[in-house]
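Below: the structure, in structure tokens.
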């Protein structure tokens with residue numbers, strides 16, 4: 001319906017507010033530009049069809065975003081020196097409606113870089129667009145495509161990974177903001193903060209038994225990690241108030257990779273058995289080829305897999321309750337004898 005209102009000619013345009021109708025009367029010429037003091041050309045025309053299809057097409061008027069401060073039609077002047085100045089202005093304009101996400105953005109790595117004076121960092125319109133804003137999930141790969149504009153190297157690596165190769169076809173696969181979040185991204189160079197959250201991030205999918213069964217993957221990956229030395233150490237450090245400094249133990253990405261994750265059976269996978277020695281050696285200096293054999297990976301001990309460990313666990317499974325019950329019985333008999341002899 002919104003598209004019909006914007007695209008129709010003649011009387012049908014009467015359904016558009018007068019001010020909107022006036023704006024579109026001039027600003028549908030997409031060749032129209034304004035020369036800024038920097039010498040850059042600022043586009044003044046919009047695609048009427050794209051705007052009608054956008055999420056704002058049926059809800060916002062032009063003046064909701066373009067206030068009197070953003071342009072002066074009387075003098076024909078704009079208050080911007082560069083195109084980036086215009087982008088910064090609309091970063092603030094978005095705050096009026098999207099205050100929750102705006103405040104999240106203030107805690108993100110992009111805004112932290114902006115405060116240091118780097119104006120090339122991503123702002124609202126760089127990711128969402130201006131007059132053609134669509135839902136971020138339509139399709140989900142829009143997010144990865146926008147991130148790729150700045151993060152080309154990482155995007156290229158991700159596209160070849162087990163997660164990225166078919167992410168445009170499979171909604172089960174993660175895209176950038178599933179791991180990095182959308183507005184309050186942590187600085188990935190801070191290995192402690194993001195690293196300690198990695199098991200939680202990976203666990204959203206790999207701890208989902210229904211989803212893992214669908215792809216015939218182990219449903220005990222997360223529990224087996226959290227129960228071993230690495231997982232327990234990472235959990236303890238995350239629970240401490242002071243989390244900064246060197247991480248105590250390996251997390252998922254230390255063994256499987258970050259953007260370049262492959263199937264464990266892939267020859268290029270850092271978690272493949274043939275490559276594990278090199279992977280372990282990144283933390284355990286001097287680790288030889290037999291070193292990875294001391295780790296059960298994500299397998300649960302059984303009579304077939306690691307029978308010795310399985311036997312020890314089984315022994316303690318019965319031994320510990322027997323000892324505790326025996327101790328309680330001894331205490332009860334001692335109290336009974338004391339009371340009787342009394």
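Please treat every number below as a calculation from the coordinates, not as lab data. Treat the numbers as computed from the prediction; the structure is a model and nothing was measured. Don't worry about glycine lacking a Cβ; one is built from the backbone with ideal geometry, like all the others, and counts go over all protein chains shown.
Can you give me the Rg/Rh ratio for the range 151-274, using Cα atoms for both radii and the Kirkwood formula for Rh?
0.95
Could you order peptides 53-64, 254-265, 294-305 by the average number of other Cβ atoms within 10 Å of their residues, highest first?
Going by the mean number of other Cβ atoms within 10 Å, highest first, we get 254-265, 53-64, 294-305.
How high is the FRET efficiency from residue 229 to residue 323, r the C-beta distance, R0 22 Å, rounded to 0.05?
0.35
Just 175, 251, 121 to compare: in a GNM of the chain, with alpha carbon springs under 10 Å, which one fluctuates most?
Answer for the Gaussian network model of the chain: 121.
Assuming a ≥ b ≥ c are the square roots of the Cα gyration tensor eigenvalues, decide whether the chain counts as rounded (a/c under 1.5), prolate (otherwise, with a/b larger than b/c) or oblate.
Prolate shape, in that a/c is at least 1.5 and a/b is the bigger ratio.
Students often check this: by mean Cβ neighbours within 10 Å, which of 221-228, 266-273 ranks highest, and how do the rest follow?
221-228, 266-273
Measure off 7 Å from each Cα along the Cα-to-Cβ vector at residue 236 and residue 153, then give the distance between these two points in nanometres to one decimal.
About 3.5 nm separates the two model spin labels.
State the extension gain, in nm to one decimal, for the chain segment bounded by residue 338 and residue 304, taking 0.36 nm per residue of separation less the distance between their alpha-carbons.
7.2 nm
Round to the nearest 0.05 the FRET efficiency obtained for residue 218 and residue 32 when R0 = 51 Å and r is the Cβ-Cβ distance.
Efficiency, from the Cβ-Cβ distance: 0.30.
Can you work out the FRET efficiency for the pair residue 168 and residue 190, with r the C-beta to C-beta distance and R0 = 35 Å, to the nearest 0.05?
0.70
For the chain, take the longest principal axis of its alpha carbons; what is the angle in degrees between that and the long axis of helix 229-239, to the nearest 10 within 0 to 90?
The angle comes out near 60 degrees.
Does the range 57-213 come out rounded, prolate or oblate, given a ≥ b ≥ c as the square roots of the eigenvalues of its C-alpha gyration tensor, rounded meaning a/c under 1.5 and, failing that, prolate meaning a/b above b/c?
Cα axes put the range 57-213 in the prolate bin.
Quickly rank 160-170, 32-42 as a protection proxy: mean count of other C-beta atoms within 10 Å, highest first.
160-170, 32-42
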